[in-house]
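Right, one structure below, let's go through it.
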Amino acid sequence: MFYKRALGSGIASLLLWAALPVVADPFEDAMPGALGAGHGIYVGDGRILDAAAPRQMTLRGHIMEFQYSPTGEKIAYEGLVLDHGEKSLAIKYVDPWRSEPAEITVAKSKGWGLHGQNPRDMVSMAGWSGDGRYLIVQRISATGGGDLIQGSNLVSDPAGLEAVFESYDTLGDLSQPKIVHVGIGMGGAMPSMIAWSPDHTRVLVATDVANAEPSEDASPNCQSAVVYRPGDDSRQVISLAIDQAAMGWLDDQSLLVKRRSPQERDGKILFKYSLAGGAEEATERPTGWPLHHDQMLGLGAFESSLIDPKSPDLSLEVVTRKLPDSENKETVEVSTIWLRSAGKKKFASTPLGVTPGPDPPHAQWSPTGQAVAFVAHGDLFVTDFVKRVASAREKLEAGEKLDCLEEREIVQTNLKQIGLGLMQYIQDYDEQLPPPSNVQDRIDPYIKRRSVFTLADSTFVYHPPVNLSLAATESPADFVIGEMDTPCAHNYLYLDGHVKSFDK
């Protein structure tokens, strides 16, 4: 489950950080490496996707994980904070579309103290509401006089922990979050099901509670569940039987409930639970179950797909390789994020960011497919994309078929370049033209693009005068020095350098 993995990695990182000396910030020199400028990638239909140079969103953010809002307008992240010798965890968000993005702090854990004592509470990012307005933060606190962490683990007694979800309205007062209390399972187990309703207005939080004290809301050895609506701060406690567990949403008004002991109750395993009245109705497993990806809360960058959500042909690939370090006489690891386009021989990949170090950048697509965010050395970077019309030459290099106008544009440009090369050759060789046997080799030093002599199946044909002398040619403007016959036109280069095309 995501929360257990995130919690474990968070604790390990925090314990490691607490052991570091406070004299100097351990991330002082951990700045990003060279981040290359963007390049174009051909995406088909005569379009080029241009990638801008990465923009740095945070400064010494020490980011552990991040997550785009569903609309792509904000990015929330969880990171470490060192402020006047006090260490803590913080949840922040940033608007990547602003010209000067500002980091906005949503929640912080209580400080660890100057000497790195164990914390008494810890925050982690749960996720965004479907409209991108509300950010949900999970906070675990130690009750009584103990610490949250004992050794390398959470306190094992559930009675020593308190877990809440804090709902922050990013369009309202962030200092006044709405609090939702959730159960703590045996051994500090976190919620086993956290998911948005299909209409993304309510969130289901379910926790397996063992040996809990009987109450009006929950029975011992059962699952505690609550449905919460951030919009109006309403909540509904779900009373399930001892042998039942909520699996998720069937629709906006009902949950899918699973029987823990399928051999009983006539073999009826799955039930539809109505939120309106609590009525149960046996049902089959829905087609496409488990839950759709966008219903699950807390799925951050490290578990997201590297496929563009708007264009399946585009994908990201993180490549790590070792390079020699001449200064230290050893090798260093360098990771590169590549944008790739399936099925294209040329313009098929472009680097978005390059960063040294053993940790991969953890790239994530914007939900709109218009940007890619990644972490490099603890800071958040965003690369924006813009689609534009490909030039005729870019289409040609991508292997696309050209129309007649595009073909004429390229052919005439190529012939003019050949003409300039001939003029430069003539100046260097006393007004003598190159012999016909090796004209490409003779002109190549002047134009340095042998591709101008061909276009698809068409090839430049050279027609020099018999005596190879420019001075002996009476009318250079009327003398055809070469031609290229293409499917759309006959194209001629004249000895004075001008070009003419005649449609077929």
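Numbers for the structure displayed
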{"read-out": "Test: residue in the range 439-457 that is at pLDDT 95 or above, within 24 Å of Arg47 (Cα to Cα), hydrophobic (A, V, I, L, M, F, W, C) and surrounded by 16 or more Cβ atoms within 10 Å (Cβ to Cβ)", "value": "no"}
{"read-out": "Residue check for Pro351: touching a strand residue (DSSP E or B) at 6+ places or on another chain (Cβ under 7 Å), over 19 Å from Phe66 (Cα atoms), surrounded by fewer than 18 Cβ atoms within 10 Å (Cβ to Cβ) and at pLDDT 70 or above", "value": "yes"}
{"read-out": "Pro286 vs. criteria in a loop (DSSP other than H, G, I, E, B), touching a strand residue (DSSP E or B) at 6+ places or on another chain (Cβ under 9 Å), at pLDDT 60 or above and under 23 Å from Pro70 (Cβ atoms)", "value": "yes"}
{"read-out": "Flag for Val318 being of a type outside the set (S, T, N, Q), at pLDDT 80 or above and within 33 Å of the chain's Cα centre (by Cα)", "value": "yes"}
{"read-out": "Test for Gly343: is it modelled with pLDDT of 85 or more, part of a loop (DSSP other than H, G, I, E, B) and not assigned by TED's automatic domain parsing to the domain that holds Asp95", "value": "no"}
{"read-out": "The range 463-476, residues that are crowded, with 16+ Cβ neighbours inside 10 Å and under 11 Å from Leu495 (Cα atoms)", "value": "Pro464, Leu470, Thr473"}
{"read-out": "Residue within the range 370-378 that is touching a residue at least 24 places away in the same chain (Cβ under 8 Å), assigned to a helix (DSSP H, G or I) and over 23 Å from Ser349 (Cβ atoms) present", "value": "no"}
{"read-out": "Single unsatisfied condition, Pro198 versus (1) at pLDDT 80 or above; (2) more than 21 Å from Ala107 (Cβ to Cβ); (3) surrounded by fewer than 16 Cβ atoms within 10 Å (Cβ to Cβ)", "value": "(3)"}
{"read-out": "Hits in the range 89-127 - residues which are closer than 19 Å to Phe165 by Cβ, out of contact with any Leu (no Cβ under 7 Å at 6 or more places or on another chain) and modelled with pLDDT under 85", "value": "Lys110, Met125"}
{"read-out": "Qualifying residues in the range 483-496 (those that are over 16 Å from Thr454 (Cα atoms) and surrounded by 17 or more Cβ atoms within 10 Å (Cβ to Cβ)) - the one nearest to the chain's Cα centre (by Cα)", "value": "Tyr494"}
{"read-out": "Residue ID - nearest to the chain's Cα centre (by Cα), chosen from residues in the range 412-464 that are in a strand (DSSP E or B) and under 24 Å from Arg393 (Cα atoms)", "value": "Leu455"}
{"read-out": "Close pairs (7 angstrom Cβ cut-off, 6 or more residues apart or separate chains): closer than 13 Å to Leu275 by Cβ and modelled with pLDDT under 85 in the range 235-250, charged (D, E, K, R) and exposed (fewer than 15 other Cβ atoms within 10 Å of the Cβ) anywhere", "value": "Ser239/Asp217"}
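The values are calculated or read from the model by the stated rules, or taken from the named source; none is laboratory data. Computed from a predicted model, the values in this text were never measured in an experiment. Every residue, glycine among them, receives a Cβ derived from its backbone with ideal geometry; neighbour counts consider all protein chains shown.
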